[in-house]
Amino acid sequence: MYMPTSGLPRPPRPPALPCDSVYTRCYCEENIYLLAANFEGRNDVKDRWETFVIFISNPRKTVALWNQTAREGIVVWDYHVILVLRPRPAKIDRMDRSHDEEDAASWVYDFDTQLPRPCTAKDYIAGTFPSGDELPTEYQSLFRVIPAQTYLDNFASDRSHMNARRPLAEALPQYVSPPPEYAPICGPLAKQKGLKTNLMDSFVHDARRAETYGSVLAPFLIFYA
C-alpha cells in the first residue's frame, strides 16, 4: 500500500564543523578530543546523535590512508583519529526506506582529509581506504571505536610521543611538530588515576595492552558500531 512521505519527519542533518575549532597539525588525538568536547556539550547534537571517537591503527602502526592533506596520494600513519556521529535510533526508523541513504548515514569528521568535512561514513571509507582488502596486510587499518564521553573522561597525553629527545630525559623536549599552545590534556578519570599519558597504551591499537577502551573493528563496521 502506498504511504505518503511528505508528512514524515526528516532525519537529522549533521552539524557543521564549528568555525572556531582548534586545530594543530600532527595532534589529531587532541583536535578530535576538543571537537568531541564541543559536540558532547551541545544539547542540539546530543539529542540527535551518538558521538564516537575512532583511532585508526594496526599492530604494526603502519596504516595507509588516501586523500589526506599531508600530501597527495598515500600517507602512512602510525595512527590517525577521527570523529563519527551516528543518528540516535529514536530519531530515525531504520526500516523506513522513504528517505535516501545519505539521510540515515553516519558522518565522519576528519580535520586532515581532503574529502568534505563532514562526509558520510560510506564516502569516507571509499575515499580514504580505496584499496580495501587488496592492500598488503601491514598497511590495512583497524578501527578502535570509543564512545565520546569515555574518551573525554579517560584520555591523557603529555605529548611525549612527539618528543624526538625521549631517550634523554634531562633534555628539554624537541618536538617533531610544534605542540598546541594550550596545556596537555588529561581527562577527569585519567587525572584521578594519576596518569600523565595513556595515548599509546590505551588508545592506539595494540593487542598486548591490558587497559584499553572501545572495540576494535574492521573499517566497514563503523556503519553498525
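The values are calculated or read from the model by the stated rules, or taken from the named source; none is laboratory data. Owing to the predicted nature of the structure, the values given are computational and were not obtained by experimental measurement. As a convention, Cβ positions derive from the backbone with ideal geometry for all residues, glycine included, and neighbour counts pool all protein chains shown.
Identify the residue in segment 184-196 that is part of a loop (DSSP other than H, G, I, E, B) and under 21 Å from the mean Cα position of the chain (by Cα) and, among all such residues, is nearest to residue 147 (Cα to Cα).
Within segment 184-196, the subset part of a loop (DSSP other than H, G, I, E, B) is 184-185, 187, 193-196.
If we keep only those that are under 21 Å from the mean Cα position of the chain (by Cα) too, we end up with 184-185, 187.
Numbers: 184: 21, 185: 18, 187: 14 Å.
Looking at residues that are part of a loop (DSSP other than H, G, I, E, B) and under 21 Å from the mean Cα position of the chain (by Cα), I get 187.
Which of the following residues is in a helix (DSSP H, G or I), at negative phi and surrounded by fewer than 17 Cβ atoms within 10 Å (Cβ to Cβ): 44, 20? Spell out how you get there, then give the answer.
Values: 20 fails: in a helix (DSSP H, G or I).
Just a single option satisfies the conditions, and that option is 44.
Pairs only if they're at least six apart or on different chains, beta carbon under 6 angstrom, first in segment 185-196 and within 19 Å of residue 35 (Cβ to Cβ) and touching a residue at least 40 places away in the same chain (Cβ under 8 Å), second of a type outside the set (Ser, Thr, Tyr) and assigned to a helix (DSSP H, G or I); list them, first residue then second.
Sorted first by the residue in segment 185-196, then by its partner, the pairs are 185/30.
All but one of (1) surrounded by 16 or more Cβ atoms within 10 Å (Cβ to Cβ); (2) closer than 13 Å to residue 110 by Cβ hold for residue 64, so report the exception by its number.
(2)
Residue 163: more than 20 Å from residue 59 (Cβ to Cβ) and at pLDDT below 95, yes or no? Talk me through it step by step, then tell me what you get.
On the way: more than 20 Å from residue 59 (Cβ to Cβ): yes; at pLDDT below 95: yes.
Answer is yes for this residue.
Hey, among 60, 42, 48, 86, which residue is out of contact with any Cys (no Cβ under 9 Å at 6 or more places or on another chain) and free of Cβ contacts under 8 Å to residues at least 40 places away in the same chain?
42
Considering only segment 51-73, state which residues are out of contact with any helix residue (DSSP H, G or I) (no Cβ under 6 Å at 6 or more places or on another chain) and either over 22 Å from residue 115 (Cα atoms) or polar (S, T, N, Q) (or both).
Hits for segment 51-73 are 57, 58, 59, 61, 68, 69.
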